[in-house]
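Below is one structure; the comments refer to it alone.
The values are calculated or read from the model by the stated rules, or taken from the named source; none is laboratory data. Treat the numbers as computed from the prediction; the structure is a model and nothing was measured. Cβ sites come from the backbone with ideal geometry, for glycine too, and all protein chains shown count toward neighbours. Side chains included, ligands, DNA and RNA excluded: accessible areas come from the protein's heavy atoms. Shrake-Rupley method; radii C 1.70, N 1.55, O 1.52, S 1.80 Å.
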Amino acid sequence: MESRSTKGTAMSQRSHTIDREEVAGRLLAGSVKRSYAPVVDIDWDAPLEDGKYFLPPQVLSLWGTEMWDRMSEAQRIELSRQESANILSVGIWFENILNQALLRALLHNDPSSLHTRYMLTEMGDECRHMTMFGRAIEQMGAKPFQLRWYQAVVVNLLPKTFRGTMLWVAALIGEEIFDATQRRVLEDPQLQPMISRLMRIHVTEESRHIRFAREGVRRRVAEGHRIDRLWVGTLQGVGGPLFQRLFTNPAMYERAGLDAKEARRQALANPNFRENQRRGFESLAAFLEENGLMRATSRALWRRGGFL
């Protein structure tokens, strides 16, 4: 005879499966109502506007520093071009990694489920986003930033390690920090219209991806073992130093004609830059705490990276 605890576990799992399908169904309906094709939804033939920034000054890493005060307006706009190209390049890397990880997960999913169908929809969104980012880099007159050989080795290994709870937490780390900043600045009048439109498209579609990933985390935490929560809650903090390094990439300062070493030093000591990092991570940090996925080690790493 089946024990009461076994029945309870089975009922709990069935409940989570139903919830998973309901969430996927709602997100699929939202995708039908409001999705974009950047190839036609952005006017790629429109010229760039003189005097407009590619990221608003207040979110640039050097804003408010001594180096910033010495820069001309043209130099500041050029720095915004290079920082924007850097962030778009990082976005391409992360969405590539996510798609690889989702493809691996799909091998073990029911291909007829709504959950699988939404994963495929999300992958399609991400493919269009990567195309959009690459075209925007070209349109703004910049060059994409490439991974160094050792970074490429790590990036090619990451999709193989993103499974279960870690997959969805990694997705949130790669999406929410960018999303929070974009939401704050996409209507800024100093921003190039092309970039503003790109951000609007990205925010709209990423909101569904974030909802999907958060539900995935909640479900995994409810069903998973304490060891899984401990492992994920400890390792996810690696994102702190990693993102800090990516956001202060010396190559973008070099391309802007600045002393890269000094620029990075001032950026890392810049209270405005650190405040932007904290604001970008604030919502995700609260979510990870709420679900028991912010351990002492990860908390220290995010603090070291300037996000807490």
Residue in the stretch 186-198 that is farthest from residue 91 (Cα to Cα), counting only those that are in contact with a Lys or Arg (Cβ under 8 Å, 6 or more places away or on another chain) and surrounded by fewer than 21 Cβ atoms within 10 Å (Cβ to Cβ): 190
The stretch 191-243: number of residues that are of a type in the set (D, E, K, R) and without any contact (Cβ under 8 Å) to a residue 12 or more places away in the chain: 1
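Rundown of residues vs (1) within 19 Å of residue 308 (Cα to Cα); (2) in contact with a strand residue (DSSP E or B) (Cβ under 9 Å, 6 or more places away or on another chain); (3) aliphatic (A, V, I, L, M); (4) modelled with pLDDT of 95 or more, yes/no style:
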position: 190; (1), (2), (3), (4): no, yes, no, yes
position: 194; (1), (2), (3), (4): no, no, yes, yes
position: 197; (1), (2), (3), (4): no, no, no, yes
position: 221; (1), (2), (3), (4): no, no, yes, no
position: 233; (1), (2), (3), (4): yes, no, no, no
Selection status of residue 49, modelled with pLDDT under 85 and either of a type in the set (Asp, Glu) or closer than 16 Å to residue 204 by Cβ (or both): no
The listed residue being out of contact with any Lys or Arg (no Cβ under 8 Å at 6 or more places or on another chain), charged (D, E, K, R) and under 30 Å from residue 254 (Cα atoms), out of 128, 117: 128
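A quick yes/no check of all residues on (1) free of Cβ contacts under 8 Å to residues at least 40 places away in the same chain; (2) over 26 Å from residue 145 (Cα atoms); (3) hydrophobic (A, V, I, L, M, F, W, C); (4) open to solvent by 80 Å² or more (accessible area, probe 1.4 Å):
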position: 28; (1), (2), (3), (4): no, yes, yes, no
position: 45; (1), (2), (3), (4): yes, no, no, yes
position: 51; (1), (2), (3), (4): yes, no, no, no
position: 57; (1), (2), (3), (4): no, no, no, no
position: 81; (1), (2), (3), (4): no, no, no, no
position: 97; (1), (2), (3), (4): no, no, yes, no
position: 108; (1), (2), (3), (4): yes, yes, no, yes
Total residues in the stretch 145-193, condition among the aromatic types (Phe, Trp, Tyr) and either assigned to a loop (DSSP other than H, G, I, E, B) or touching an Asp or Glu at 6+ places or on another chain (Cβ under 9 Å) (or both): 4
Test: residue in the stretch 121-142 that is open to solvent by 10 Å² or more (accessible area, probe 1.4 Å), among the aliphatic types (A, V, I, L, M) and within 25 Å of residue 307 (Cα to Cα): no
Some residue of the stretch 143-158 being within 18 Å of residue 203 (Cα to Cα) and at pLDDT 95 or above: no
